[in-house]
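Novice: First the structure, which I've put down as structure tokens, then a few questions once you've had a look.
The values are calculated or read from the model by the stated rules, or taken from the named source; none is laboratory data. From a predicted model like this one, the values you see are computed outputs, not experimental measurements. Reconstructed Cβ throughout: ideal geometry from the backbone, glycine too, with neighbour counts over all protein chains shown.
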Amino acid sequence: MTTVAKVIELVGESEVSWDDAMRNAVKEASKTLDNITGVEVLNFTASLDNGEIVEYKVNLKLAFGVHENR
């Protein structure tokens, strides 16, 4: 039996932290995707206002198992 995974790229956002931004992306994706098996963080960025971080952003890849139709 061959296991196949699909990988998609997402951007998570948070006003709290990069960790929270990553968790938000995974939480939202899990509402419509089953069998999420892993996450790879690609990039951390932030939006600033007057020298203060106002929004944290995380670019990530999310892997999930593909169901075989029979």
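Novice: Against the definition (among the aromatic types (F, W, Y) and surrounded by 15 or more Cβ atoms within 10 Å (Cβ to Cβ)), how does F64 come out, yes or no?
Specialist: Working: among the aromatic types (F, W, Y): yes; surrounded by 15 or more Cβ atoms within 10 Å (Cβ to Cβ): yes.
Yes: the conditions hold for F64.
Novice: Would you point out the residue of the range 24-57, among those that are of a type in the set (A, V, I, L, M) and under 16 Å from V7 (Cα atoms), that is surrounded by the fewest Cβ atoms within 10 Å (Cβ to Cβ)? Reasoning before the result, please.
Specialist: Step one: list which residues in the range 24-57 are of a type in the set (A, V, I, L, M), which gives 25-26, 29, 33, 36, 39, 41-42, 46, 48, 53-54.
Among the residues that remain, those that are also under 16 Å from V7 (Cα atoms) are: 25-26, 29, 33, 36, 39, 41-42.
Values: A25: 22, V26: 16, A29: 17, L33: 15, I36: 14, V39: 18, V41: 15, L42: 12.
Filtering first and then ranking leaves L42.
Novice: Could I ask something else about it? Taking the range 25-62, which residues are more than 17 Å from I8 (Cα to Cα) and in a loop (DSSP other than H, G, I, E, B)?
Specialist: If the condition is that a residue be more than 17 Å from I8 (Cα to Cα) and in a loop (DSSP other than H, G, I, E, B), then N50, G51 are the ones that fit.
Novice: In addition: If you take the residues in the range 33-70 that are polar (S, T, N, Q) and modelled with pLDDT under 95, which one is nearest to the chain's Cα centre (by Cα)?
Specialist: Filtering first and then ranking leaves T37.
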